[in-house]
Amino acid sequence: MKRLSALIVMALALGAVVVGGCITGTETGTTETGTPSQGPPEDRGYGQGVASPMDTLDVSTLPAENLSPDEIDGILYMREEEKLAGDVYLTLYNATGLRVFENIARSEQTHMDAVLNLIEKYNLTDPAEDKGIGEFTNPEIQALYDQLVSRGETSNIEALKVGALIEEVDIKDLEEWLSKTDNEDIKLVFESLMAGSENHLRAFTRVLVNSYGVEYSPQVLSEGEYRSIAGG
């Protein structure tokens with residue numbers, strides 16, 4: 001499946017705006033104009049301070065079912081797609097110091113673990129095994145990691161837009177994979193991943209508007225679907 005590759009490459013080509021110089025500080029610092037701005041609280045979708053549905057997710061309680069080729073592809077692909085998100089966020093946290101990246105990266109680890117539970121349950125080969133940060137089995141995902149980090153390192157605003165873009169693509173991919181599965185354990189995990197991605201999308205866009213005065217425009221989702229998630 002090449003959904004992530006096609007959508008992100010298109011968004012990078014159409015929406016990448018290189019902002020000269022990196023805006024320093026955290027999400028509770030100042031806007032680009034120097035006006036003090038308070039970022040959103042950490043208990044509203046940052047992967048910290050609230051119970052995650054992943055914390056109690058246990059696919060072992062559901063029966064193992066036969067896997068279709070699409071279901072196998074979906075499990076393996078989402079394992080690396082969640083790793084892409086976590087690795088980009090850790091790298092951009094080191095580049096920007098924005099806590100939202102550190103907190104959501106921790107949440108992405110629980111997403112990766114949830115998909116790993118499916119891999120282990122069905123005795124699949126884990127594509128992320130023994131891979132370090134920024135290392136991937138899928139060469140397209142490897143190339144996208146490099147492109148996304150390069151864009152995100154240009155400024156704090158671009159970093160946050162990269163985070164939002166990744167979550168938009170996660171949502172679109174999960175919608176497609178869910179349409180191709182009838183296994184209850186896979187549906188449980190993927191629906192929980194989608195809820196997490198929606199939380200993360202809200203978190204990134206709130207930091208953009210509250211700390212930098214930037215109103216986010218969706219890069220992949222329709223305006224209607226984005227507004228239904230972000231509110232307003």
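Return only the number of the condition from (1) open to solvent by 10 Å² or more (accessible area, probe 1.4 Å); (2) at pLDDT 95 or above that LEU174 does not satisfy.
(1)
Got a sec? Which of ASN210, ASN183 is more than 16 Å from ARG79 (Cα to Cα), buried (at least 22 other Cβ atoms within 10 Å of the Cβ) and out of contact with any Cys (no Cβ under 6 Å at 6 or more places or on another chain)? Step through it out loud before you land on a result.
Values: ASN210 fails: buried (at least 22 other Cβ atoms within 10 Å of the Cβ).
From the options ASN210, ASN183, the qualifying one is ASN183.
Given the conditions (1) in contact with a helix residue (DSSP H, G or I) (Cβ under 6 Å, 6 or more places away or on another chain); (2) touching a residue at least 24 places away in the same chain (Cβ under 8 Å), report the number of the one that LEU178 does not fulfil.
Of (1) in contact with a helix residue (DSSP H, G or I) (Cβ under 6 Å, 6 or more places away or on another chain); (2) touching a residue at least 24 places away in the same chain (Cβ under 8 Å), only one is false for LEU178: (2).
Which of the numbered conditions does ASN66 fail, given that it passes all the others? Conditions: (1) surrounded by fewer than 22 Cβ atoms within 10 Å (Cβ to Cβ); (2) out of contact with any Ser or Thr (no Cβ under 9 Å at 6 or more places or on another chain); (3) outside any loop (DSSP other than H, G, I, E, B).
The failed condition is (3).
The values are calculated or read from the model by the stated rules, or taken from the named source; none is laboratory data. Since this is a predicted model, take the numbers as computed values, not measurements. No Cβ is skipped: glycine too gets one built from the backbone with ideal geometry, and neighbour counts run over all protein chains shown. For accessibility, only protein heavy atoms count, side chains too; no ligands or nucleic acids. Shrake-Rupley method; radii C 1.70, N 1.55, O 1.52, S 1.80 Å.
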